[in-house]
Amino acid sequence: MSELTHVDLTWLKKRIENWIRFGRIAEEHVIDLERRVVSFAPGSVFAFVRWASNDYGTVVSSGCRAGALAAYPQSSVGRRTTAALHA
């Protein structure tokens, strides 16, 4: 199982925009033009930004500085992040 922390990013122009503000990306997998998955090594620090709008304006705008979790040899649980950071 991968020891990396994975972050799903979505980009629908002027509707949903999730991106990484800073951090060293260890791996990147492009799913399609609107989605990709970036991965960070254990102990890395990165910032995740989430923004969304509707016909009336911004509905969500937030940023979060996070650290990739260190891998534990006994753990069989992978780490994946989708639009909100969680381990």
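Before moving on, here are some points about what is shown:
- Restricted to segment 1-45, and to residues there that are touching a residue at least 60 places away in the same chain (Cβ under 8 Å) and in a strand (DSSP E or B), the residue that is nearest to Gly57 (Cα to Cα) is Asn18.
- All conditions in (1) surrounded by 12 or more Cβ atoms within 10 Å (Cβ to Cβ); (2) touching a Phe, Trp or Tyr at 6+ places or on another chain (Cβ under 8 Å) hold for Phe22, with the sole exception of (1).
- Residue count, segment 26-43 (criterion: crowded, with 16+ Cβ neighbours inside 10 Å and either modelled with pLDDT under 90 or within 11 Å of Trp11 (Cβ to Cβ) (or both)): 1
- Within segment 45-60, considering residues that are of a type outside the set (Val, Ile, Thr) and within 23 Å of Ile25 (Cβ to Cβ), the one surrounded by the most Cβ atoms within 10 Å (Cβ to Cβ): Phe48
- Which numbered condition Ala71 misses (of (1) in a loop (DSSP other than H, G, I, E, B); (2) surrounded by 12 or more Cβ atoms within 10 Å (Cβ to Cβ); (3) at pLDDT 90 or above): (3)
The values are calculated or read from the model by the stated rules, or taken from the named source; none is laboratory data. Only a predicted model underlies this, so the values are computations on that prediction, with no experimental measurement involved. Cβ sites come from the backbone with ideal geometry, for glycine too, and all protein chains shown count toward neighbours.
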